[in-house]
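Heads up, the thing below is written out as structure tokens.
The values are calculated or read from the model by the stated rules, or taken from the named source; none is laboratory data. All values derive from a computational prediction rather than experimental measurement. Here the Cβ positions follow ideal geometry from the backbone for every residue, glycine too, while neighbour counts run over all protein chains shown. Each accessible area value is taken on the protein alone, full model and side chains, heavy atoms only, with ligands, DNA and RNA left out. Shrake-Rupley method; radii C 1.70, N 1.55, O 1.52, S 1.80 Å.
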Amino acid sequence: MIYEEKRKEIIKKEEDAIQAAEDERYKNIKERFDAEAEQLKFEAELEIEDEQALADAKYQIEQDLLDRKIAAQELYLEEFNGTQEELIEAEEELDALRQQKANNKKQYEKETTDFAKKKAEEEKQAKIAALNATLNLAGSVFGAMADMSEEGSQQQKNLQIAETTVNTLA
């Protein structure tokens, strides 16, 4: 009887030690995964922000250039001394510059919207990837715990069911 109790006590200590080691391993894997996911998210955000900053700068430069051209054309029209045909041509050129500026603004707004959509999609994909990785990790933990459980026990069966369920979701 004493031998059986000692054996159970030793087995319990071994199981506890194995469980503690698995818990620590799980914690380390999760921390590493979280750090990698955070780094990927940070890099993706920087890339998108750089693209947006470039688009902002390009838009501002183009708008400034068009503003100067429009101002020069308006000044030319104020001091105009040519024929009626030249006046009409100069006014048409001014209208074309104004239209180009409006088109430039529309294009910028479209690009800004596209960047926002792209950023939202990348964030969504990152969240999905993080969820899948977490599910895979949970499935692995359930599998490892099932392997440590007594062969054929209800606990082992429950853990195997949990592992299969989680792996199916992932």
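Assorted remarks:
- Full extension of the chain segment joining Ala71 with Lys12 gains 12.6 nm, where the gain is 0.36 nm per residue of separation less the Cα-Cα distance.
- For the chain, the solvent-accessible area with a 1.4 angstrom probe is 75 square angstrom per residue.
- Zone residues, the stretch 1-29, relative to Met148, backbone N less than 19 Å from point 7 Å out along Cα-to-Cβ: 8-29
- Rounded to the nearest 10 degrees, the angle from helix 2-78 to the longest Cα principal axis of the chain is 0 degrees.
- Each semi-axis of the equivalent ellipsoid for the chain is √(5λ) with λ an eigenvalue of the Cα gyration tensor; in descending order they amount to 74, 14, 5 Å.
- Overall, the stretch 45-133 carries a charge dipole of about 680 debye about its Cα centre when +1 sits on the Cβ of Lys and Arg and -1 on the Cβ of Asp and Glu, all other atoms neutral.
- Lysines whose Cα lies under 23 Å from that of Lys58, excluding same-chain neighbours fewer than 8 positions away: Lys69, Lys101, Lys105, Lys106, Lys110, Lys117, Lys118, Lys119
- Vicinal HN-Hα couplings computed from phi for the stretch 89-94 (Karplus, 6.51 cos²θ - 1.76 cosθ + 1.60; Hz; Gly/Pro x): 4, 5, 5, 5, 5, 5
- Apolar share of the accessible surface for the stretch 33-170: 54 percent from carbon plus sulfur atoms, 1.4 Å probe.
- For the chain, the relative contact order comes to 25 percent (Cα pairs under 8 Å, sequence separation of at least 6).
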